[in-house]
Amino acid sequence: MRYLKRTFFIFILCISLSAHTQAQKTIAVKTNIPYWATASPNLGVEVAFRHKMTFELSGGYNPFEFGNDKQWKHWIIWPEARYWLNETFNGHSIGLHGVFAGFDVGGLELPFNLVPELKNRRVEGNINGIGLSYGYAWIIGNSLLLEVSAGAGYGRLKYDVFTNGDNGYKTDYGQKHYIGPTKGAISLVYLF
């Protein structure tokens, strides 16, 4: 009887420790480090909901104008379902993500003359899309990870074109179908 009680106690202790360990790895809070370089505060939350499966909801917002009719205002939301090949929040992952964003950009000269029209115009619109992603997470501390992810897919843009400035008048509108990169991040992640 004494052996049975001891075995039962050890069993309950192991389950408790296992549940506690699992609880530490069920929620992650993250931020995309390069996204801060665009002066865009951002935050993400990822929750484990099945064995090797997580759901992430990340977003960013940039409300800033830079003067002289220059602005890079935008918001973006990335929901994503992920499957982890090794274990949750460690190693390789593949995912299916969505992209929902709004933008109001103008008066800018982008590198490599990517969109020369932006120098003298303001473009306002949104994009909705879907894509596939790949990621890898490294454990760098007790509850700290470094995660790299990239994704590509399809997006549909709808936009209006205005003359420069907030009081500019509408000169054109358009829609475009986009196939290419839809997500990229180097994130610092904290696990709870």
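The values are calculated or read from the model by the stated rules, or taken from the named source; none is laboratory data. Bear in mind that the values here come from a model prediction, so they are computed numbers and not experimental data. With ideal geometry, Cβ positions are generated from the backbone for all residues, glycine too; neighbour counts draw on all protein chains shown. Accessible surface is based on the protein model in full, side chains and every heavy atom, while ligands, DNA and RNA are left aside. Shrake-Rupley method; radii C 1.70, N 1.55, O 1.52, S 1.80 Å.
Computed values, structure above
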quantity: Number of the exception - residue 176 against (1) under 30 Å from residue 26 (Cα atoms); (2) in contact with a Leu (Cβ under 6 Å, 6 or more places away or on another chain); calculated: (1)
quantity: Residue satisfying all of: in segment 37-66; of a type in the set (A, V, I, L, M, F, W, C) and assigned to a loop (DSSP other than H, G, I, E, B); farthest from residue 83 (Cα to Cα) among these; calculated: 64
quantity: Residue tally, condition farther than 27 Å from residue 163 by Cα, open to solvent by 20 Å² or more (accessible area, probe 1.4 Å) and assigned to a strand (DSSP E or B), over segment 95-143; calculated: 7
quantity: Test: residue in segment 163-178 that is of a type in the set (D, E, K, R) and outside any strand (DSSP E or B); calculated: yes
quantity: Residues of segment 26-40 satisfying the condition of being closer than 20 Å to residue 108 by Cα and either at pLDDT 95 or above or not aliphatic (A, V, I, L, M) (or both); calculated: 34, 35, 36, 38, 40
quantity: Close pairs from segment 143-165: first touching a residue at least 60 places away in the same chain (Cβ under 8 Å), partner among the β-branched types (Val, Ile, Thr) and open to solvent by 50 Å² or more (accessible area, probe 1.4 Å), Cβ under 8 Å, at least 6 apart; calculated: 145/139; 147/186
quantity: Selected residue (criterion: modelled with the lowest pLDDT) from residues of segment 73-94 that are open to solvent by 40 Å² or more (accessible area, probe 1.4 Å) and in a loop (DSSP other than H, G, I, E, B); calculated: 86
quantity: Search result, residues across segment 45-72 that are touching a residue at least 24 places away in the same chain (Cβ under 8 Å) and at positive phi; calculated: 52, 68, 69
quantity: Residue ID - nearest to the chain's Cα centre (by Cα), chosen from residues in segment 144-182 that are among the charged types (D, E, K, R) and either at pLDDT below 95 or surrounded by fewer than 17 Cβ atoms within 10 Å (Cβ to Cβ) (or both); calculated: 156
